[in-house]
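Mind having a look at this structure? Questions to follow.
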Amino acid sequence: MSVWDWEFTFADVLPQLLQVIHVTIGATIGAFAFALVGGLILALGRRSQKKWISWPTYGFIEFVRTTPPLVQLYFIFFVFPDLFGVALPAIVAGILGLGIHYSTYLSEVYRAGIESVPQGQWEAATALNFSPVQKWKSIILPQAIRPVVPVMGNYLIVLFKETPLLAAISVGELLGTAQSIGSSTFRYLEPITLVGLFFLLMSYPASLMIKRLELRLDLNRK
Amino acid sequence: MVETQDANALTAYNIQDKDPIVKYREIKKAFGDTEVLKGIDFDLYPGERVAIIGPSGSGKTTMARLLMTLEKPTSGTIEVDGRYLWHKEVKGQLVPADEKHLHEVRGDIGMVFQHFNLFPHMTILKNCTEAPVKALGLSKKEAEERAKEMLDKVGMLEKAKDYPASLSGGQQQRVAIARALVMRPKVMLFDEPTSALDPETVGEVLQVIKDIAKQGDMAMMLITHEMSFAHEVADRICFFDEGIIQEQGPPSQVFTQPKTERLQEFLKRFHMNGSS
Ligand SMILES: Nc1ncnc2c1ncn2[C@@H]1O[C@H](COP(=O)(O)OP(=O)(O)OP(=O)(O)O)[C@@H](O)[C@H]1O
Ligand SMILES: [Mg+2]
């Protein structure tokens with residue numbers, strides 16, 4: 001057996017992997033979009049003056065953050081149907097599971113961003129008679145999000161790298177596909193290596209882009 | 001009653017012919033155990049310019065912040081143009097105001113802060129149009145016309161497209177004044193508008209405030225440590241100490257014949273005691 005089989009790589013492995021790339025990318029985008037919205041809702045819920053909102057929100061965040069995402073994925077995929085009688089398609093359960101998990105991370109990011117907005121900005125917004133909703137939309141969130149965009153970007157990359165977890169609930173994403181190629185051909189080297197390369201090729205440029213974004217978003221730049 | 005006719009006053013007519021635009025009644029404010037305001041009764045008349053002076057920590061800022069709804073009184077009432085600010089009247093009873101009520105009444109009040117508090121993510125023009133569009137419901141065009149007029153008034157129109165970070169402190173404060181004016185409040189609060197500025201830029205901001213005081217009929221409450229400025233601009237001086245108004249009257253009287261010992265002591269520091 002040769003060490004690296006080019007023919008196998010290009011004729012079998014690559015085409016099969018290319019067919020499922022969209023699953024990995026789609027799950028990443030879907031889960032991240034979910035987390036961007038969910039994280040904001042959790043962050044606002046946690047800040048609420050009403051204890052019956054802020055306490056359960058806090059409890060939820062802590063619970064989700066401190067349990068493994070794989071357990072949560074299993075829960076949504078295997079236990080939900082028993083509890084509620086609805087079986088979610090694997091990809092939906094996967095996006096939901098990762099989305100919820102990353103919502104709790106992003107809620108912390110939003111929180112840090114919101115806390116970085118100086119008190120004077122809130123006061124100026126009140127003095128100009130913005131309604132609470134307008135205050136958040138026009139004044140607070142734009143300033144809160146700007147400095148944390150790079151951190152959010154990093155979470156996007158981490159999330160992307162965690163999508164292989166979805167293989168565990170039978171989502172046909174990259175790593176799961178590579179593994180099944182391996183188990184049917186008894187060759188793991190090429191498929192697994194290609195998957196690794198693919199993640200590298202996506203993550204590295206993304207992290208460079210985040211660096212550039214960081215510079216562009218700096219408000220103190222004159 | 002306070003006498004506000006004064007040879008120095010900029011306002012020619014007798015201000016107190018009208019009903020007060022702002023009435024503080026028995027206003028108290030405590031932070032935890034410390035009572036900062038110990039019962040304020042204060043009237044501000046339409047178009048009147050009142051300077052609030054007094055030592056640090058005496059409660060001047062707190063008094064203004066209560067009117068701007070940035071702080072809630074512990075007890076007492078404030079009326080703005082005949083409506084309670086912190087209360088609603090429901091079947092003849094006063095109940096605590098909700099955000100909707102505050103929003104309605106607060107529209108009559110504007111404030112200029114010590115640290116300007118411009119919105120750093122918006123251009124100068126946007127700083128001045130965002131609130132009129134979002135809070136007053138003006139069209140973008142109307143808001144821009146108003147904003148440009150006010151920016152012109154404070155001499156900042158050329159900077160309309162710039163961001164706050166590129167301006168000096170004095171320029172930022174002039175923009176902050178324009179931004180507050182665009183809302184056309186009936187009462188404008190200035191909380192030490194020049195005390196965070198480099199000495200070189202204090203003059204330009206004071207000049208802008210003087211110009212505004214000369215025009216229009218907006219009532220002004222000026223918290224300041226600039227005594228000669230207060231003397232020049234104000235119809236009335238209020239001396240604050242230990243959480244109450246210790247003495248008030250027209251500048252000529254307050255600065256030259258202070259009645260209370262506290263005020264005499266206070267003015268000595270500014271070399272404005274009557275004997276000097
Ligand atoms: N949010 C707050 N929490 C606790 N104490 C406060 C708060 N705001 C003000 N104080 C206290 O209330 C007192 C009055 O403060 P205030 O800012 O009204 O004084 P001031 O007359 O404006 O003083 P200065 O001339 O220094 O601005 C001070 O002792 C201050 O420490
Ligand atoms: Mg103060």
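Going by the structure shown, is A:S180 among the hydroxyl-bearing types (S, T, Y), open to solvent by 50 Å² or more (accessible area, probe 1.4 Å) and on the phi > 0 side of the Ramachandran plot? Write out each step before concluding.
Working: among the hydroxyl-bearing types (S, T, Y): yes; open to solvent by 50 Å² or more (accessible area, probe 1.4 Å): yes; on the phi > 0 side of the Ramachandran plot: no.
It is false that A:S180 is among the hydroxyl-bearing types (S, T, Y), open to solvent by 50 Å² or more (accessible area, probe 1.4 Å) and on the phi > 0 side of the Ramachandran plot.
Could you tell me whether any residue of region B:210-225 is hydrophobic (A, V, I, L, M, F, W, C), within 16 Å of ligand 1 (Cβ to nearest atom), free of Cβ contacts under 8 Å to residues at least 40 places away in the same chain and open to solvent by less than 30 Å² (accessible area, probe 1.4 Å)? Before the answer, list the steps.
First, pick out the residues of region B:210-225 that are hydrophobic (A, V, I, L, M, F, W, C): B:212-213, B:218-223.
Then drop every residue that is not within 16 Å of ligand 1 (Cβ to nearest atom), which leaves B:221-223.
Still in the running and free of Cβ contacts under 8 Å to residues at least 40 places away in the same chain: none.
Taking every residue of region B:210-225 in turn, none turns out to be hydrophobic (A, V, I, L, M, F, W, C), within 16 Å of ligand 1 (Cβ to nearest atom), free of Cβ contacts under 8 Å to residues at least 40 places away in the same chain and open to solvent by less than 30 Å² (accessible area, probe 1.4 Å).
In region A:157-167, which residue that is of a type in the set (V, I, T) and touching a helix residue (DSSP H, G or I) at 6+ places or on another chain (Cβ under 7 Å) is farthest from the other protein chains (Cβ to nearest Cβ)?
Within region A:157-167, the subset of a type in the set (V, I, T) is A:157-158, A:163.
So of that shortlist, the ones also touching a helix residue (DSSP H, G or I) at 6+ places or on another chain (Cβ under 7 Å) come out as A:157, A:163.
Details: A:I157: 26, A:T163: 33 Å.
Looking at the filtered set, the residue picked out is A:T163.
Just one of (1) within 14 Å of chain A (Cβ to nearest Cβ); (2) in contact with a Pro (Cβ under 9 Å, 6 or more places away or on another chain); (3) part of a strand (DSSP E or B) trips up B:L222, so point out which.
(1)
Restricting attention to region B:87-128, and to residues there that are part of a helix (DSSP H, G or I) and more than 17 Å from B:M188 (Cα to Cα), which single residue is most open to solvent (accessible area, probe 1.4 Å)? Give the steps one after another, and end with the answer.
The initial filter retains those residues of region B:87-128 that are part of a helix (DSSP H, G or I), namely B:99-106, B:124-128.
Pick out the ones that are also more than 17 Å from B:M188 (Cα to Cα) and you get B:99-101, B:124-127.
Numbers: B:E99: 73, B:K100: 145, B:H101: 30, B:I124: 0, B:L125: 28, B:K126: 90, B:N127: 1 Å².
Filtering first and then ranking leaves B:K100.
Of everything in region B:226-263, what is charged (D, E, K, R) and either buried (at least 20 other Cβ atoms within 10 Å of the Cβ) or closer than 22 Å to B:K29 by Cβ (or both)? Give them in sequence order.
Pass one, region B:226-263, residues charged (D, E, K, R): B:226, B:232, B:235-236, B:241-242, B:247, B:259, B:261-262.
Correct list: B:E226, B:D235, B:R236, B:D241, B:E242, B:E247, B:R262.
Something else now. Within region B:88-121, restricting attention to residues that are within 16 Å of ligand 2 (Cβ to nearest atom) and among the aliphatic types (A, V, I, L, M), which residue is nearest to the other protein chains (Cβ to nearest Cβ)?
Once the filter is applied, the top-ranked residue is B:M111.
Here's something else I'd like to know. Out of the helices (runs of 4 or more DSSP H) lying entirely within region A:65-156, which hold 1 or more residues that are within 11 Å of chain B (Cβ to nearest Cβ) and without any contact (Cβ under 8 Å) to a residue 24 or more places away in the chain? First the steps, then the outcome.
Values: elements: A:69-74, A:80-84, A:90-115, A:119-127, A:141-145.
Counting at least 1 such residues, we get A:119-127, A:141-145.
Working carefully through the options B:P199, B:P250, B:P185, B:P164, find the one that is within 15 Å of the chain's Cα centre (by Cα) and more than 16 Å from ligand 2 (Cβ to nearest atom).
Among B:P199, B:P250, B:P185, B:P164, only B:P185 is within 15 Å of the chain's Cα centre (by Cα) and more than 16 Å from ligand 2 (Cβ to nearest atom).
Looking at this structure, is B:A230 within 16 Å of ligand 2 (Cβ to nearest atom) and either in a helix (DSSP H, G or I) or touching a His at 6+ places or on another chain (Cβ under 9 Å) (or both)? So that I can check it myself, show each step before the final result.
Working: within 16 Å of ligand 2 (Cβ to nearest atom): yes; either in a helix (DSSP H, G or I) or touching a His at 6+ places or on another chain (Cβ under 9 Å) (or both): yes.
Yes, satisfied.
Oh, and also: Quick one: in region B:60-86, of everything that is away from ligand 2 (no atom under 16 Å from the Cβ) and open to solvent by 40 Å² or more (accessible area, probe 1.4 Å), which residue is nearest to the other protein chains (Cβ to nearest Cβ)? Don't jump to the end; show me each part of the working.
The first filter runs over region B:60-86 and keeps only residues away from ligand 2 (no atom under 16 Å from the Cβ), leaving B:69, B:72-86.
Then keep just the ones that are open to solvent by 40 Å² or more (accessible area, probe 1.4 Å); that gives B:72, B:74-75, B:81-84.
Numbers: B:K72: 12, B:T74: 19, B:S75: 22, B:D81: 15, B:G82: 19, B:R83: 15, B:Y84: 17 Å.
The extreme case among them is B:K72.
When residues of region A:157-177 are filtered for being in contact (Cβ under 8 Å) with a residue 40 or more places away in the chain and open to solvent by 50 Å² or more (accessible area, probe 1.4 Å), how many remain?
Matching residues across region A:157-177 total 3.
Find the residue count for region B:39-58, including only residues that are surrounded by 19 or more Cβ atoms within 10 Å (Cβ to Cβ), within 15 Å of ligand 1 (Cβ to nearest atom) and not in a strand (DSSP E or B).
Here the count works out to 2.
I need the full set of residues from region B:149-206 which are buried (at least 18 other Cβ atoms within 10 Å of the Cβ) and part of a loop (DSSP other than H, G, I, E, B), in order please.
Those that are buried (at least 18 other Cβ atoms within 10 Å of the Cβ) and part of a loop (DSSP other than H, G, I, E, B): B:V154, B:M156, B:A160, B:Y163, B:L167, B:M183, B:P185, B:K186, B:E192, B:P193, B:T194, B:L197.
Still on this structure, please answer the following. Please state which of the following conditions B:L70 fails to meet, knowing it meets all the rest: (1) free of Cβ contacts under 8 Å to residues at least 60 places away in the same chain; (2) closer than 28 Å to B:E192 by Cβ; (3) assigned to a helix (DSSP H, G or I); (4) not hydroxyl-bearing (S, T, Y).
Status for B:L70: all satisfied but (3).
The values are calculated or read from the model by the stated rules, or taken from the named source; none is laboratory data. The structure presented is a predicted model; accordingly, all values stated were derived computationally and were not measured. Cβ sites come from the backbone with ideal geometry, for glycine too, and all protein chains shown count toward neighbours. Accessible surface areas use protein heavy atoms only, side chains included; no ligands, DNA or RNA. Shrake-Rupley method; radii C 1.70, N 1.55, O 1.52, S 1.80 Å.
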